[in-house]
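A.B. asks: Handing you this structure, nothing more for now.
The values are calculated or read from the model by the stated rules, or taken from the named source; none is laboratory data. Computed from a predicted model, the values in this text were never measured in an experiment. Because the Cβ atoms are built from the backbone with ideal geometry, glycine has one as well, and the counts that use them run over all protein chains shown.
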Amino acid sequence: MPLILTEEQTMLEEAARGFLAEAAPIAHLRALRDSRDPDGVSRDLWTSFGEMGFAGVLVPEAHGGSGLGAVEAGVIAEAVGRNLVPSPFLSTGVLAATALQAGSEEQQRWLPEIAAGRLIAAVALDEGCKHRPDQIETTATRSGNGWRLDGAKAMVLDGHVADLLIVAARTDEGVGLFTVAPGAEGVEVERTLMVDAHNAARVTLSGVKVQADALIGAADGGLFRAVCAYGGAMVAAEMTGAAEAAYEQTLAYLRERKQFGRAIGEFQALQHRAAHLYAELEITKAAVLKALQLLDSDPEAAGPAVSVAKARAGKSSELAVQEAVQMHGGVGMTDEFDVGLFMKRIRVCQELFGDTHHHAERLARLSGY
Amino acid sequence: MPLILTEEQTMLEEAARGFLAEAAPIAHLRALRDSRDPDGVSRDLWTSFGEMGFAGVLVPEAHGGSGLGAVEAGVIAEAVGRNLVPSPFLSTGVLAATALQAGSEEQQRWLPEIAAGRLIAAVALDEGCKHRPDQIETTATRSGNGWRLDGAKAMVLDGHVADLLIVAARTDEGVGLFTVAPGAEGVEVERTLMVDAHNAARVTLSGVKVQADALIGAADGGLFRAVCAYGGAMVAAEMTGAAEAAYEQTLAYLRERKQFGRAIGEFQALQHRAAHLYAELEITKAAVLKALQLLDSDPEAAGPAVSVAKARAGKSSELAVQEAVQMHGGVGMTDEFDVGLFMKRIRVCQELFGDTHHHAERLARLSGY
Amino acid sequence: MSDLETFRAETRAWLEANCPPEVRGPVRSEDEAIWGGRNATFATPAHKLWLERMGERGWTAPEWPKEYGGGGLSREEAKVLASELRRIQAQPALLSFGVWMLGPALLAFGTEEQKKRFLPEIVRGEIRWCQGYSEPGAGSDLAGLQTRAEDRGDHWIVNGQKIWTSYADKADWIFCLVRTDPEAPKHLGISFVLFDMETPGVTTRPITLISGKSPFCETFFDDVRVEKENLVGTLNRGWDVAKYLLAHERTMIGAMGEDLNARPLGQVAADSLGTDEAGRLDDPMLRARIAGMEIDAAAFRLALERVGDKHKAGKAHPAEASMLKYYGSELNKRRHELLMAAGGFDALEWEGERSREGSAARSWLRTKANSIEGGTSEIQLNIIAKHLLRLPGA
Amino acid sequence: MSDLETFRAETRAWLEANCPPEVRGPVRSEDEAIWGGRNATFATPAHKLWLERMGERGWTAPEWPKEYGGGGLSREEAKVLASELRRIQAQPALLSFGVWMLGPALLAFGTEEQKKRFLPEIVRGEIRWCQGYSEPGAGSDLAGLQTRAEDRGDHWIVNGQKIWTSYADKADWIFCLVRTDPEAPKHLGISFVLFDMETPGVTTRPITLISGKSPFCETFFDDVRVEKENLVGTLNRGWDVAKYLLAHERTMIGAMGEDLNARPLGQVAADSLGTDEAGRLDDPMLRARIAGMEIDAAAFRLALERVGDKHKAGKAHPAEASMLKYYGSELNKRRHELLMAAGGFDALEWEGERSREGSAARSWLRTKANSIEGGTSEIQLNIIAKHLLRLPGA
């Protein structure tokens, strides 16, 4: 498969960029942040995601979705990144949609709701302060006909506005994913206000009782890993979008801003740094697209490619936002300019589904050293 | 103590630089290399080191030396580095002189010979392919009244021209240093021709018998560590000298060489890289001087400072020679220009007494993480 | 016992007796910082006492001459004092642009009268100063300065606007660059003047940064009267004063990242991420980067000391301050990137008690200004290339 | 079965039958490299056979048209062929500046006659080519070209000197930039010509590099006769041909570091340094740097593939070759720095069998030229800044 977008994918890219630049430019994030919006996302916008076919990009057509693949979802994630759009696309459109497809018929009835942008589902995976999929300590123990869940989850995207929770918990067999009603007894949800003004929450589960059929698919860890792989690749795509937008703003600033009587973009030292950054970003784009393609064509083999993509996205987008602020100088430090918002979002994305260090470690082990 | 050279030390610096620029400029190294000199060092030059008081800089005055300290030895090492001088200064003037001072009266009788530049002594410390002082596998076992030595040593500086060997070997107590005659039965010495055209050898010891009094001082590892600390600091000093000389040649080239109608030093991208390198080198110089001062004033506490100095010297001098070759362009790749010789020497110095990685690891452990 | 050893013993005894326990240990919040000034606030009465005691001894400016209220210490004695303060983890008795920046400029360029008038109250922390250099649109290029001072005989009338004036809203006086000769080219025609921030026509407006509320302000001058006796240095040669002072500022910003009471970053990371069986931080890749940064930081501290010693010995080139400023601020940015990685999800919180109102994230973002304020890293590299490397066209 | 699957099956079967065992597995020494040419030498008869078989099929230039001796494969088929060659660890059947550089230029700029004459013998490895661009003193700045071609009606007389001509002492023909109009400014007035290295007046002298003996030569032209029929492209517009061809060279040098049969560097390092209880390379700091490099290398391989695919789809900007050249050569330098660190003392030896005549050290030093030859890294960054970023004054 050529490592470029198909014509259909390019059309989707244009549609997603166009729609989001119109409906949810960065001003949208600022408005939610500055009004201290209690939801932190707009349900109306999420409904529009449904209408555009974005919310259900990964939902099979039989369940009212677009039935497309990871590449198409990545194209949307990238547009989300470019505009720093706060939305349940990642939590619900990617993670929950991926998880629920593996579920029972009963569980799959949530899929049309997701595709329509009517339902927000939060997937509670991480614990502690870093993404460590091998160290899930939340437990699911058999209790009567069902399960009992105990543990504390962190960085639950959209946790405080979720209509449905999906919780990763350790069973005797391995890590399984369980559907939990946010209002169930023993569930506590605390919104955490984040540096990037996107949504996250801490979720505590104390003796939460769920039915036997709350388990999605098998509890062998396979679905959990698959959800993490989709999450990692999608966040990498979002990061490339955000990094590229910050880069474009910086290039524009280099062309416009005058100092010592010349456009600062004429200074060769800045030219070389900008050119180096261009190379870093292009190389990352190839890695991200490859990971997305493999998730579609050979998901079993996609793991290392996702790690390469996420590690590269972390490295190159960090450089992009650092250079963006530095090259903007003083104004880059003000809240008024957007480059700082890109820096904040990239920092959060680094932590989601494992940072550069995590994936480097993972790849080193996979490579046998 | 101020972190600058005293007046006396500055005078010594001038003397050492002047003498070596005259008596052993880089042409000296080239002549030995191109004639495939079997010794790889000039014994006449070593005698001159004796006459100048350099060979015995660390030898007490009572034994005919200058009775100076690590800072003064470092000043000479730096001048050696600037001129890429192949000489037994490190092996004999630093390592052997440090070791033998802790020895018996009998052993100290070698010191005047060293101070006079008449004796070359090689100190065989390392094994395998990296400096790993915690993994010495050469053994010294009690045998009759004396010891029996078995093992294989690598990177023995001046090993094939040595009049005396000093060998680190593990005893029941710890690692001890033993004097061994190069001609003793069971000793095999193989010269290894190195990338930098400096001297090294592999030494194999098979059931080598030495007297009880061959052990220098105690076998508790203390002297071994002290010799390694002196070696590390002195190589760091040599590296700063070599890096600085390569840097100066590069600055000169930047000022002279014209391209696209301008001196290449006018290009801002190169200016910024040269300025960054300046900062790296200056910061390393402070670290190296501190390590040398502590070896004189508080040797017990000098360990971490030596590691900082050697790690920094590795990092900054590698950058210096890489930039030197790159900024020289094609001619920098030719054997005719000196920058390549600096690159080669720096690579060898990286490996001597632990590279940047080794010392970073050591410091991390010492810092409790 | 050498003189220095005697001095150390006496200093230790005095500190033991005079440094209150409340001002020992890491600075826990911004409130604890002692800035002094007319409207000074103190976290505790002990903080006030600490400033008073240190100020009285001149130890808030240890190396300044005694006649101007300073400590009159030699460089070696000042090092001993600093190490004794470190030993007991004493918090700084005074943070002051007066001590760091204006004072050195006055000592070098001020009249005897100016020194007598301004220095002692700086040492005692009675007057808080701010700096007025940057202007909108001028950035690192001070030659483009627009604020104008019109000559009115014994005084000037100043009109214009400054930006990035730290703590302008809290400062009592300002040292300020104004254009006194609009015809002169570039750096000429600029003068260095002092005036009271309560003078009619001065207004300030804080700037919100990506890290949140900030000490930076926009400052506006609308027909502000400035007495001519408050000119520092020669008329129209304010650039010389500013350059001298910028060098001091650079060293300061370069060193700013250094909280000497701070624990090694690797240990901080181990607290949050744990260690493996061998006691190593349980994130090998992060650990490697931390170790690299800590080595550079250790060497940088020594370089700071070395440049100070060279300075004292009359062997320092003024442009070495640019080297320290450049390296120190880049280092501090690296440090905080690593702190964020070590903190993980916890360090991303922006509000609330658990995160102490997002202190990790806000500090991280704040460091991004280090390589911009006081002359960008690019400007410092230009200065090194020109003045230390003497590269053509630099 | 799709067409591509059929092609894969057929290719696999053909390779199984035709790729001798002697040419499988890593290239163990320079002697094994197959360069072809009039005076070709082969490590074994199997190597000769391998070139003949692949050349006959056109698979030494898989994507060239069949009419000129090429393989006539589509891009997708060529990828399948490459992956099948990798699968059996086949050594390259031909290393050739003709295939990599001259061929693409001839396909784009050559006359039908030139294509018919030169391309098939390039594919079969019968004629070995070298490149004459750089001149002493001109370096990356080809505008300063001095080699002059004097018009003599049906031929030119060429005088001048080239440097960095790889394998000039072993090549049969040269493609060469000469100045055909001494009056024209800068890049104009230069033409792209071909001639036989056996023409009277051509002499070569190898250059000794820091890595030892090198393929590079100085090449001298003393009244060398060049037929006008061997002009490629338009007279005085040789710069267009050269630019096109440089882009190809850049991609090639960028990718050169990639020995696709090579083991992961981390495993190579573990061989020499050992592993800890957890199976991790026993040098945590080196391990971290290796992992970072391997990630960049993996991503770079994908970027190479992606630019190829964009090219095929008509969506690649020619300057993207500069991006690949820049990144690939810097990456290769990093790889060899790490290989040296992993090899330690052993990798420092310069002669003797144990070190295979210093192969690690020589390879390491050789990589330092990657970012100089074919346009320095700085030139590539300039090109990116100008043509891709459109920065002012670039």
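A.B. asks: For segment C:344-355, how many residues are more than 13 Å from residue A:194 (Cβ to Cβ) and in contact with a Lys or Arg (Cβ under 9 Å, 6 or more places away or on another chain)?
C.D. replies: 0
A.B. asks: Mind listing whichever residues of segment A:57-86 are in a loop (DSSP other than H, G, I, E, B) and over 16 Å from residue A:19 (Cα atoms)?
C.D. replies: Within segment A:57-86, A:58, A:59, A:60, A:64, A:65, A:66, A:67, A:68, A:69 meet the criteria.
A.B. asks: Still on this structure, please answer the following. How many residues does segment B:132-190 contain that are polar (S, T, N, Q) and within 14 Å of another protein chain (Cβ to nearest Cβ)?
C.D. replies: Number satisfying all stated conditions: 1.
A.B. asks: Could you count how many residues in segment C:182-204 are of a type outside the set (Ser, Thr, Tyr) and outside any loop (DSSP other than H, G, I, E, B)?
C.D. replies: The total comes to 7.
A.B. asks: Residues of segment D:203-230 being surrounded by fewer than 18 Cβ atoms within 10 Å (Cβ to Cβ), at pLDDT 95 or above and β-branched (Val, Ile, Thr), which ones?
C.D. replies: D:203
A.B. asks: Which numbered condition in (1) touching a residue at least 12 places away in the same chain (Cβ under 8 Å); (2) assigned to a helix (DSSP H, G or I) is the only one that residue C:318 fails?
C.D. replies: For residue C:318, the exception is condition (2).
A.B. asks: Of all residues being more than 15 Å from residue A:254 (Cα to Cα) and of a type outside the set (A, V, I, L, M) in segment A:327-336, which is farthest from the other protein chains (Cβ to nearest Cβ)? Just the residue, please.
C.D. replies: The selected residue is A:336.
A.B. asks: Does residue C:328 qualify as being buried (at least 20 other Cβ atoms within 10 Å of the Cβ) and of a type in the set (Gly, Ala, Ser)?
C.D. replies: yes
A.B. asks: Only one of (1) of a type outside the set (Val, Ile, Thr); (2) part of a helix (DSSP H, G or I); (3) at the interface with chain A (Cβ under 9 Å from one of its Cβ atoms); (4) over 26 Å from residue A:285 (Cα atoms) is not met by residue D:279, so which one is it?
C.D. replies: Failed condition: (2).
A.B. asks: Out of segment B:158-199, which residues are outside any strand (DSSP E or B) and within 21 Å of residue B:222 (Cα to Cα)?
C.D. replies: B:171, B:172, B:173, B:174, listed by residue number.
A.B. asks: Given the conditions (1) in contact (Cβ under 8 Å) with a residue 24 or more places away in the chain; (2) in contact with a Pro (Cβ under 9 Å, 6 or more places away or on another chain); (3) in a helix (DSSP H, G or I), which single one is not true for residue A:354?
C.D. replies: Unmet condition: (3).
A.B. asks: Among (1) at pLDDT 95 or above; (2) over 20 Å from the mean Cα position of the chain (by Cα); (3) over 26 Å from residue D:354 (Cα atoms), where does residue B:144 come up short?
C.D. replies: (1)
A.B. asks: State all residues of segment C:168-202 that are within 13 Å of residue C:149 (Cα to Cα) and of a type in the set (Gly, Ala, Ser); if no residue qualifies, say none.
C.D. replies: Within segment C:168-202, C:189, C:191 meet the criteria.
A.B. asks: Is one or more of the residues making up segment D:111-133 among the hydroxyl-bearing types (Ser, Thr, Tyr) and within 14 Å of chain B (Cβ to nearest Cβ)?
C.D. replies: Scanning segment D:111-133, I find at least one residue that is among the hydroxyl-bearing types (Ser, Thr, Tyr) and within 14 Å of chain B (Cβ to nearest Cβ), so the answer is yes.
A.B. asks: Another question about this same structure. For segment A:260-287, which residues satisfy the criterion of being within 9 Å of another protein chain (Cβ to nearest Cβ) and in contact with a Ser or Thr (Cβ under 7 Å, 6 or more places away or on another chain)?
C.D. replies: Within segment A:260-287, A:280, A:284, A:285 qualify.
A.B. asks: Specify which of the listed residues (C:350, C:364) is at pLDDT 95 or above and within 19 Å of the chain's Cα centre (by Cα).
C.D. replies: Exactly one of C:350, C:364 is at pLDDT 95 or above and within 19 Å of the chain's Cα centre (by Cα), namely C:364.
A.B. asks: Looking at segment C:295-312, can you tell me whether even one residue there is assigned to a loop (DSSP other than H, G, I, E, B), within 9 Å of another protein chain (Cβ to nearest Cβ) and under 27 Å from residue B:304 (Cβ atoms)?
C.D. replies: Within segment C:295-312, not a single residue is assigned to a loop (DSSP other than H, G, I, E, B), within 9 Å of another protein chain (Cβ to nearest Cβ) and under 27 Å from residue B:304 (Cβ atoms).
A.B. asks: Also, I was wondering about something else. Considering only residues that are among the charged types (D, E, K, R) and over 22 Å from the mean Cα position of the chain (by Cα), look in segment B:199-247 and name the one that is farthest from residue B:70 (Cα to Cα).
C.D. replies: Across segment B:199-247, the extreme among qualifying residues is B:209.
A.B. asks: With respect to residue C:272, is the statement that it is over 24 Å from residue B:273 (Cα atoms) and more than 14 Å from chain B (Cβ to nearest Cβ) true?
C.D. replies: no
A.B. asks: Here is a list of conditions, (1) in a loop (DSSP other than H, G, I, E, B); (2) crowded, with 18+ Cβ neighbours inside 10 Å; (3) not small (Gly, Ala, Ser), and residue D:146 meets all of them except one; can you say which number that is?
C.D. replies: Here residue D:146 clears every test but (2).
A.B. asks: Return yes or no: is residue B:92 under 21 Å from the mean Cα position of the chain (by Cα) and either assigned to a strand (DSSP E or B) or polar (S, T, N, Q) (or both)?
C.D. replies: In short, yes.
A.B. asks: So how many residues does segment D:330-345 have that are facing chain B (nearest Cβ under 7 Å) and at negative phi?
C.D. replies: Summing the residues that are facing chain B (nearest Cβ under 7 Å) and at negative phi in segment D:330-345 gives 4.
A.B. asks: Here's a follow-up. May I ask you to say which residue of A:65, A:93, A:53, A:18 is more than 16 Å from residue A:197 (Cβ to Cβ) and surrounded by fewer than 19 Cβ atoms within 10 Å (Cβ to Cβ)?
C.D. replies: A:18
A.B. asks: Only one of (1) assigned to a helix (DSSP H, G or I); (2) touching a Leu at 6+ places or on another chain (Cβ under 7 Å) fails for residue A:369. Which number is that?
C.D. replies: Against the list (1) assigned to a helix (DSSP H, G or I); (2) touching a Leu at 6+ places or on another chain (Cβ under 7 Å), residue A:369 comes up short only on (1).
A.B. asks: In segment B:306-326, how many are buried (at least 24 other Cβ atoms within 10 Å of the Cβ) and more than 8 Å from chain D (Cβ to nearest Cβ)?
C.D. replies: Qualifying residue count for the region: 14.
A.B. asks: Which of the following residues is modelled with pLDDT of 95 or more and surrounded by fewer than 17 Cβ atoms within 10 Å (Cβ to Cβ): D:76, D:67?
C.D. replies: D:67
A.B. asks: Can I ask one more? Taking segment B:327-340 as the region of interest, how many residues are in contact with a Gly (Cβ under 6 Å, 6 or more places away or on another chain) and surrounded by fewer than 20 Cβ atoms within 10 Å (Cβ to Cβ)?
C.D. replies: Adding up the residues that qualify gives 0.
A.B. asks: Show the residue pairs that are 6+ apart or on different chains and have beta-carbon atoms under 8 Å apart, the first residue being within segment B:165-184 and in contact (Cβ under 8 Å) with a residue 60 or more places away in the chain, the second being of a type outside the set (A, V, I, L, M) and in a strand (DSSP E or B).
C.D. replies: So the pair list comes out as B:166/B:178; B:166/B:179.
A.B. asks: Here's a follow-up. Restricting the search to segment A:144-155, which residues are among the small types (Gly, Ala, Ser), over 15 Å from residue A:185 (Cα atoms) and assigned to a strand (DSSP E or B)?
C.D. replies: Within segment A:144-155, just A:154 meets the criteria.
A.B. asks: From the list B:259, B:249, exactly one residue is touching a residue at least 60 places away in the same chain (Cβ under 8 Å), surrounded by fewer than 22 Cβ atoms within 10 Å (Cβ to Cβ) and not basic (Lys, Arg). Which is it?
C.D. replies: After applying the criteria, what remains is B:249.
A.B. asks: Counting only residues that are under 17 Å from residue A:361 (Cα atoms) and not charged (D, E, K, R), which one in segment D:269-283 is surrounded by the most Cβ atoms within 10 Å (Cβ to Cβ)?
C.D. replies: Residue satisfying both the conditions and the ranking: D:281.
A.B. asks: Within segment C:346-369, count every residue that is on the phi < 0 side of the Ramachandran plot, in a loop (DSSP other than H, G, I, E, B) and surrounded by fewer than 22 Cβ atoms within 10 Å (Cβ to Cβ).
C.D. replies: Count: 5.
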